[in-house]
Amino acid sequence: MTIYNFSAGPAVLPKPVLEKAQSEFLDYQGSGMSVMELSHRSSLFEAIIQDAKRLLRELMQIPDNYKVLFLQGGASLQFSMVPLNLAQGKKALYVNTGMWSKKAIAAAKALDNVEVEVIASSAEDNFTYIPEITEAMIDQDAAYLHITTNNTIMGTAFAAIPKAGKVPIVADMSSNILANDYHVADFGIIYAGAQKNIGPAGLTVVIIREDLLGLCPVAEPMLDYQLQADNNSLYNTPPTFAIYMAKLVFEWLQDQGGVPGILKADREKAGLLYAAIEKSALFSSPVAIDSRSITNIPFVTGSPELDKKFNAEALAAGFQNLKGHRSVGGMRASLYNAFPKQGVLDLIAFMEAFEKENGGV
């Protein structure tokens, strides 16, 4: 039985990447050591981290005036690092589009010397759409505007990045980094947990414009972007194996035609599933059409009992981790870059068979 992993994260990794890592696992480049055993100060690891940064710069076309940092703590630590580094004694603006936005807002509000303003929210409609953001809504004296570009749980995404005037846009891009056509220069900071489109859990990527470094005094060294940048992400021992895996994923992405190539494939996969949902008499999408994510696709039958039955039968058939988040229910297919098209086709066939057996037209 073929197993398809629809997990929202940690998520599916490219099979060629796993095979490459397996082949080098016990002996990396004749060193007699695993990558996990290499000193982070060694020339071998220095080459790994520099290659990883170079590849990411090429894939995302990152301008020269941006630093690439490989950190730890997940995107959740960035919820605090961003206001600490940019907004002490200032106002920070947020758009509330779901659970992760709410957590970022809460973390900023926990800081005594940061004023937090939520300028837009889709909470009143259970976060099923992306609210409109205009430049007129944005206080030009604010430290930044924070958005979550793709909402993993709710299945919404920003189709276009709002105009913010001179205010830097800070983006939690954890679930659609390397799977969009955004431009890095439109952001002040991009951050992302690696465990969806980059590699295994444990690595956090931060892309920060240089003029945003050193704006506020940060008493905790590990939380200071300037210090991390000055030390080439090596202030302490970094997640060495996760960085190595990220490098392999970046190489694999280049082989897929870079971001344009993988984005074309992602749109095709999502288009197939959305088309199947639209023509179905049983399944439906709870998300507004113009806000739909191509990365995380929730769908429901309209009956909690049928949803439960579908999830149980899908699991038995090899469709792993399709159950929707506990706050939403239903089903959710996470179609990250490494997820195969055949998995989408097989899911659609399974959905059609389930519909025929359970009262669908």
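The values are calculated or read from the model by the stated rules, or taken from the named source; none is laboratory data. Just so it is clear, the structure is predicted and the values come from calculations on it, not from any experiment. Backbone-built Cβ (ideal geometry, glycine too); neighbour counts: all protein chains shown. To get the accessible areas, we keep the full protein, side chains included, count just its heavy atoms, and leave off ligands, DNA and RNA. Shrake-Rupley method; radii C 1.70, N 1.55, O 1.52, S 1.80 Å.
Kindly provide the set of residues from segment 122-142 that are open to solvent by less than 50 Å² (accessible area, probe 1.4 Å) and touching an Asp or Glu at 6+ places or on another chain (Cβ under 9 Å), ordered by number.
Answer for segment 122-142, where residues must be open to solvent by less than 50 Å² (accessible area, probe 1.4 Å) and touching an Asp or Glu at 6+ places or on another chain (Cβ under 9 Å): ILE130, ALA142.
Inspect all residues belonging to segment 342-357 and state whether any of them is buried (at least 16 other Cβ atoms within 10 Å of the Cβ), out of contact with any Gly (no Cβ under 6 Å at 6 or more places or on another chain), touching a residue at least 60 places away in the same chain (Cβ under 8 Å) and within 24 Å of MET173 (Cα to Cα).
So far as segment 342-357 goes, yes, one or more of its residues are buried (at least 16 other Cβ atoms within 10 Å of the Cβ), out of contact with any Gly (no Cβ under 6 Å at 6 or more places or on another chain), touching a residue at least 60 places away in the same chain (Cβ under 8 Å) and within 24 Å of MET173 (Cα to Cα).
Counting only residues that are more than 18 Å from ASN232 (Cα to Cα), under 21 Å from the mean Cα position of the chain (by Cα) and open to solvent by less than 30 Å² (accessible area, probe 1.4 Å), how many does segment 79-97 have?
8
When segment 205-219 is examined, which residues are found to be in contact (Cβ under 8 Å) with a residue 40 or more places away in the chain and surrounded by fewer than 17 Cβ atoms within 10 Å (Cβ to Cβ)?
Result: GLU210, ASP211, LEU215, PRO217.
Return the total of residues in segment 39-65 being more than 19 Å from the chain's Cα centre (by Cα) and open to solvent by 10 Å² or more (accessible area, probe 1.4 Å).
Number of matching residues: 14.
Quick test for you: out of ASP125, ASP139, pick the one residue that is over 15 Å from THR97 (Cα atoms) and of a type in the set (D, E, K, R).
Values: ASP125 fails: over 15 Å from THR97 (Cα atoms).
That would be ASP139, the only listed residue that is over 15 Å from THR97 (Cα atoms) and of a type in the set (D, E, K, R).
Mind checking which residues of segment 10-35 are surrounded by fewer than 19 Cβ atoms within 10 Å (Cβ to Cβ), assigned to a loop (DSSP other than H, G, I, E, B) and among the small types (Gly, Ala, Ser)?
Result: GLY30, SER31, GLY32, SER34.
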